[in-house]
Structure formats: C-alpha cells, structure tokens
Amino acid sequence: MMDNPAPMPRVLLVEDAPFLRYAFGRLLRLQGFDVKEANDGQDALDCVSEFKPQLVLTDLMMPVMGGLELIDKLRRLPATAKIPVVAITADVTSHAEEQARQAGADDFIAKPIDLPELLARLRNLIPSPTLV
C-alpha cells in the first residue's frame, strides 16, 4: 500500500517582468513547489485567499501595487499575517533591505538571484516537514 505523496509547498510568486516570472516559476516548479504567479501586488492580494500560499516571494518594484505595500497589507490581514514573505529586488542598497524588513519581510534577496541560495532560504521559511 502506497502512502499519499506529501503536498507540494505552495509559493505565491509576485513579479511584474514576464520573463523573470516565467523563469522563477519554472525553476520553483522543477524543485517541487506548487507555484501561483501574480503580476503585481494587487493581483497577489486578489488570489491569496483562494491559493493559500505557504510563502510569498515578491519583487519590490512593480506597477499598480509594489512589494512594500503588498507586504504591509499581508501583515495587516489576520489570514495572511503569519505567511513568510521573501522580498526580491534589483535595488541592493541597505535602505531597500531596511524598508522591506520594516514592512514585514522575513527575508531579502538581491537580483540577480543565486538559485541554490534562494531554494535554501525558501526551505528554511516554509513550515513543512515535506522539505528536506
């Protein structure tokens, strides 16, 4: 008798650049994540209650609603307040990291992203016994 496979960890990927969204999404799926993609912060908020991500990976600089505003809104909603958030950005200044952390980001990664480092950080933040 086979056990049911463990569910894949759900990651909400928020990135306005179509190529990066596609590339990150594909890489995460190949690593065993269930990925939902969003174009901007508002798009992410619209799908977060249905998708119920275990982690949000968001760009900071996006049109409509940027990552800082998204993080702030996620932290204010009881249903999403405890979801780990990783901010990704091309702005590598200490000010950008400070802003992200003040908004409530759990981690901060500068672009270009080192994939093994990103995966290690995601695995550290997702509360799941299924990840090794």
Residue 82 versus (1) within 14 Å of the chain's Cα centre (by Cα); (2) in contact (Cβ under 8 Å) with a residue 12 or more places away in the chain: which is the lone unmet condition? (2)
Residue 100 - would you say it is out of contact with any Phe, Trp or Tyr (no Cβ under 8 Å at 6 or more places or on another chain) and over 17 Å from residue 42 (Cβ atoms)? no
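Residue-wise test of (1) of a type in the set (A, V, I, L, M); (2) closer than 25 Å to residue 95 by Cβ; (3) touching an Asp or Glu at 6+ places or on another chain (Cβ under 9 Å).
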{"residue": "11", "(1), (2), (3)": "yes, no, yes"}
{"residue": "19", "(1), (2), (3)": "no, no, no"}
{"residue": "31", "(1), (2), (3)": "no, no, no"}
{"residue": "40", "(1), (2), (3)": "no, yes, yes"}
{"residue": "57", "(1), (2), (3)": "yes, yes, yes"}
{"residue": "61", "(1), (2), (3)": "yes, yes, yes"}
{"residue": "65", "(1), (2), (3)": "yes, yes, yes"}
{"residue": "77", "(1), (2), (3)": "yes, no, no"}
What about residue 111, is it of a type in the set (D, E, K, R) and modelled with pLDDT of 90 or more? no
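One line per residue, one yes/no per condition, for (1) surrounded by fewer than 19 Cβ atoms within 10 Å (Cβ to Cβ); (2) not hydrophobic (A, V, I, L, M, F, W, C):
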{"residue": "33", "(1), (2)": "no, no"}
{"residue": "40", "(1), (2)": "no, yes"}
{"residue": "49", "(1), (2)": "yes, yes"}
{"residue": "73", "(1), (2)": "yes, yes"}
{"residue": "86", "(1), (2)": "no, no"}
{"residue": "101", "(1), (2)": "yes, yes"}
{"residue": "112", "(1), (2)": "yes, yes"}
All but one of (1) closer than 15 Å to residue 45 by Cα; (2) buried (at least 16 other Cβ atoms within 10 Å of the Cβ) hold for residue 77, so report the exception by its number. (2)
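The values are calculated or read from the model by the stated rules, or taken from the named source; none is laboratory data. Keep in mind that what you see is a predicted model, and the values were worked out from it rather than measured. Because the Cβ atoms are built from the backbone with ideal geometry, glycine has one as well, and the counts that use them run over all protein chains shown.
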